[in-house]
Amino acid sequence: MPTTGSENVGVAFGAVIAAGASTAVGAAIVFFPRLVKLASRRVLASSLGISAGVMTYVSFVEIFQKAQLSFADHLIRDYEDEDKRFGMANLYATLSFFLGILCMVVIDKVVNLISSKHGDGHGHGHQDISESLNNKDKEEKEEVEEVAIAPCYTCNLDPAGDLKEWQEKAEAGGGRNMK
């Protein structure tokens, strides 16, 4: 069996086992109702935000380093000084990153304008579904408060406030299933 000649093989193997075990433990939590109840929306949202941020950061750093090295390799004829060459490579990689963000914003705006019927950035109609929900509720109970649902997230001015309002309604409703 060929050897790699590295002293860190055991550490790497241990890290892989630890990652797999932590995934298994995290997935097994759903079998314990007591632990599931401890997971509030704030904890779950924070955990997802942190993990998304870490993954984005790791991906960005890796891609950015590859871009810098690629620019440095292509600038070898133009700049003899290594510090100057890597400085220009860093500048080009940074400008490329922000140019990519600008292209993303422009494409998003163009797609919204093309797909919109009224030029207001919406490519969908606003059917009033709250009317049908209110009629359904009135059939079940005569004294039910009116239900108003925002047609989409982009139409809503305060989605976080609305989420809090829906959570309060769900808690006040005594566990009534709101679809």
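Just so it is clear, none of the values below were taken in a lab; they were calculated from the coordinates. This structure is a prediction, so every number in the text was calculated from the model and none was measured. Cβ: placed from backbone, ideal geometry, glycine included. Neighbour counts: every protein chain shown.
Could you rank the peptides 96-106, 58-68 by their average count of other C-beta atoms within 10 Å per residue, with the highest value first?
Those peptides, ordered most packed to least, come out 58-68, 96-106.
Charged side chains reduced to their Cβ positions (Lys and Arg at +1, Asp and Glu at -1) give the range 1-89 a dipole of some 940 debye around its Cα centre.
Placing pseudo-labels 7 Å out from each Cα toward the beta carbon at Ile107 and Ile29 gives an inter-label distance of 3.5 nm.
Which of rounded, prolate or oblate describes the range 13-79 when judged by the alpha-carbon gyration tensor and an a/c cut-off of 1.5? It is oblate, given that a/c is not under 1.5 and a/b is not larger than b/c. Computed packing ranks the peptides 25-38, 76-89 as 76-89, 25-38, most packed first, by mean other Cβ atoms within 10 Å.
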